[in-house]
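Working notes for the structure below.
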Amino acid sequence: MKNKRIVIIIAVIAVIVLSVISIILFLGKEKSTPEEVLKQYMSYILEKDYNAMYELTTKNTIQEEYVNRNKNIYEGIEVSKIDTNIVKTSEKGKEAEIVYTTTMSTIAGEISFSNTANFIKENGTYKIKWSSNNIFPSLKDDYKVRVQTLQAQRGVIFDKNGNILAANQTASQVGLVPGRMNEVSKEQDIKIISNLLDISVDSIKESLSASYVQEDTFVPLRTILKSETNLKEQLLQVRGIKIIDKEERVYNLGEAASQLIGYVQTINAEELEEKKDQGYTKNSVIGKTGIEKKYEEKLRAMDGAEIYIEDANGKKVKTLAKKNLKNGESIKLTIDSTIQQIIYEKFKEDKSASVAINPKTGEILAAVSTPTFDSNDFSLGMTANKWKELSESKDKPLYNRFLASYAPGSSFKPITGAIGLTTRSFTAEEDFGPSGTKWQKDANWKDFYVTTLKTYKGEANLKNALIYSDNIYFAKAAVKVGKENFAKSLKSISFNTEIQTPLGNVKSTYSNTDTFETETQLANSGYGQAEVLVNPIHMAMIYSGFVNNGNIVNLYLDYTGDRAATYFREEAFSKEAANKVKEALIQVVEDPNGTAHSAKIEELIVAGKTGTAEIKTSKDDKKGTEIGWYNTFVADENSGKQLLVVSMVEDVKEKGGSHYVVEKLKDIFRYEYEQ
């Protein structure tokens, strides 16, 4: 009984508390001020809660019409910030009037105005007497707010010879006009279009059934290159197809330069949030990868916009805001389109990376990664099938190989040789003695041996070791240099350090740690195996030291005409060491026994070094693959055609190893000589 009384008392107290709270809320609501209502109303604009805005009005218009009008205007002008300041409030009976100023940030800049809002108290709460001039003072119910975009041009990307690599150009937009379609064959025609444009039947039907579509509406389906004339001819055989010109970002080299030049697309929400204070809008185009991304600040176009009020007759009544357009700045690169194209054509069926430079100046002439994608597919509109093909391919066409690092194999031997001579660990003429095809330093190496493919007559000196690509010589060379000196020398040319290059950040490593853990690891590293990994861009830089008396050149992409070379590392190798290595690398091509003799060109002195790196899961792995390298350069000091090319190809085991790469590069040097 006692417990029952307690429950009743608690219940009574709860009712009293709830009643008090209700009275307080009611009284608070009754005391709501017009200023509070106005501020709440304006805050809902940024929240895009137009139904909540409607609830604060006298509801003297249809809710759907109110919501649509406010939504179309505020979102159309892209309001991003609103500041409202109340100047004066007047109250008389159940009515009130507020004079206020508003400043809002929009797609066309700031809009500032003074306005008046009228209120009436309904059931103890102030409501806004809404009309269109609550949005803008000059806006009447039958007037419209218009936004005109002033299209700016993104900067053009030129190669060193003035050829266009990327520019806004005319493309072809393919679409359907429903009223012109053949009703009898409509289903079959849609299937034909689906196959030709590589878009699904469902996607086409969905586009045709959009709410805005009328019989005479042009319904866009896909944008293609202007040059795809055969495809356009086939499409125009289908009734209802219409093709119109449309300006888009077009990449003239397509696949040949996609990883280098990159592509642009419309900015996404994450990027827009990150760059919200930099003048970007939801319609902005932005560089996503490659040169387009690296040079975004120069290339970017800043569209202009005008927001104005138009009367019922379509006449401009008042300009609310206007922002002038700003065209992007064009850039000229050191890239040679012809070399870029030749390298791509030679390696397009391979998994490869190639970098071509002028070793005297540091100009980057080409950078190619294959297999690859077409930048135009991204800028014009990627189909679902194409994206699936690219993203799921085992050959990784979206992967940029010239920014990655690989086991260099014998292409690393000139570096070992140059370090040995520079540190005076041995001389170029020193004979390391015969070793056969199998060698170990002593019994402490237990069952570890360094092997080489064949023996040769003559001294085991630097020149012969490079001509015959003698693994044992360079294992001995690394051991002679010693673990500490070899690591120190490699660090001095930026191994185990991220390097900033004009093409992106890269890293080469000589060990997974900062040292060589064992002497056998050191020996293996001498000929580019063990844990040594080299990036092709870095490799090209290092090889420039053999052209420049030991100085490693700085690379650059901005074409400025004649420009004095600057150096990434001065005296990376001693002058004597660099020239001794260069002389030996000339013989690798000139000598009939040289591993790159097939690259010999009668009219031109070239030097080079092949490299075949074994990729195994263990020393007993018989199914491992091979990576082929060929690093080559013009070795004639008096030649006006200075060129150095580094190429790496994966999976060359069944293709002839590094010799597969040698044959492909020969044509590039022939082209350069003939110009």
Quiz prompt | Residue that is nearest to Asp636 (Cα to Cα), among those in region 378-412 that are without any contact (Cβ under 8 Å) to a residue 60 or more places away in the chain and in a helix (DSSP H, G or I) | solution = Leu390
Quiz item: Looking at region 81-101, which of its residues are out of contact with any helix residue (DSSP H, G or I) (no Cβ under 8 Å at 6 or more places or on another chain) and either among the hydroxyl-bearing types (Ser, Thr, Tyr) or exposed (fewer than 13 other Cβ atoms within 10 Å of the Cβ) (or both)?
Solution: Asp83, Asn85, Val87, Lys88, Ser90, Lys92, Gly93, Lys94, Thr101
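Looking for whichever is modelled with pLDDT of 90 or more, closer than 19 Å to Ala428 by Cβ and either assigned to a helix (DSSP H, G or I) or of a type outside the set (Lys, Arg) (or both) here; the options are Gly594, Gly628. Which one fits?
Gly594
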Practice problem: With the checklist (1) farther than 30 Å from Gly290 by Cα; (2) loosely packed, with under 15 Cβ neighbours inside 10 Å in hand, flag the one item Gly162 doesn't pass. | Solution: (1)
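Here are Glu650, Glu614, Glu637: which of them is free of Cβ contacts under 8 Å to residues at least 12 places away in the same chain and acidic (Asp, Glu)?
None of the other options fit; the residue is Glu637.
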Practice problem: Quick one: count up the residues across region 102-119 that are over 44 Å from the mean Cα position of the chain (by Cα) and surrounded by 13 or more Cβ atoms within 10 Å (Cβ to Cβ). | Solution: 5
Quiz item: So how many residues does region 276-299 have that are over 16 Å from the mean Cα position of the chain (by Cα) and touching a residue at least 24 places away in the same chain (Cβ under 8 Å)?
Solution: 4
Practice problem: Go through (1) within 35 Å of the chain's Cα centre (by Cα); (2) farther than 20 Å from Asn548 by Cα; (3) surrounded by fewer than 23 Cβ atoms within 10 Å (Cβ to Cβ); (4) not polar (S, T, N, Q) and name the single condition Gly640 misses. | Solution: (2)
Self-check item: Candidates Val634, Val662, Val646 - the one that is more than 26 Å from Ala404 (Cβ to Cβ), modelled with pLDDT of 90 or more and buried (at least 23 other Cβ atoms within 10 Å of the Cβ)
Solution: Val634
Quiz item: Which helices (runs of 4 or more DSSP H) does region 176-268 wholly contain that include 2 or more residues that are of a type in the set (Val, Ile, Thr), at negative phi and outside the structural domain of Tyr556 (by TED's automatic domain parsing)?
Solution: 186-197, 201-208
Quiz item: Filter region 426-448 for residues that are assigned to a loop (DSSP other than H, G, I, E, B) and of a type in the set (A, V, I, L, M, F, W, C); which is surrounded by the most Cβ atoms within 10 Å (Cβ to Cβ)?
Solution: Phe432
Exercise. Could you look through region 52-71, keep only residues that are without any contact (Cβ under 8 Å) to a residue 12 or more places away in the chain and under 45 Å from the mean Cα position of the chain (by Cα), and pick out the one that is nearest to Tyr41 (Cα to Cα)?
Key: Ala52
Quiz item: Out of region 208-225, which residues are under 30 Å from the mean Cα position of the chain (by Cα) and crowded, with 16+ Cβ neighbours inside 10 Å?
Solution: Leu221, Arg222, Thr223, Ile224, Leu225
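The values are calculated or read from the model by the stated rules, or taken from the named source; none is laboratory data. None of these values were measured; they are calculated from a predicted model. In this analysis, Cβ positions are derived from the backbone assuming ideal geometry, glycine residues included, and neighbour counts consider all displayed protein chains.
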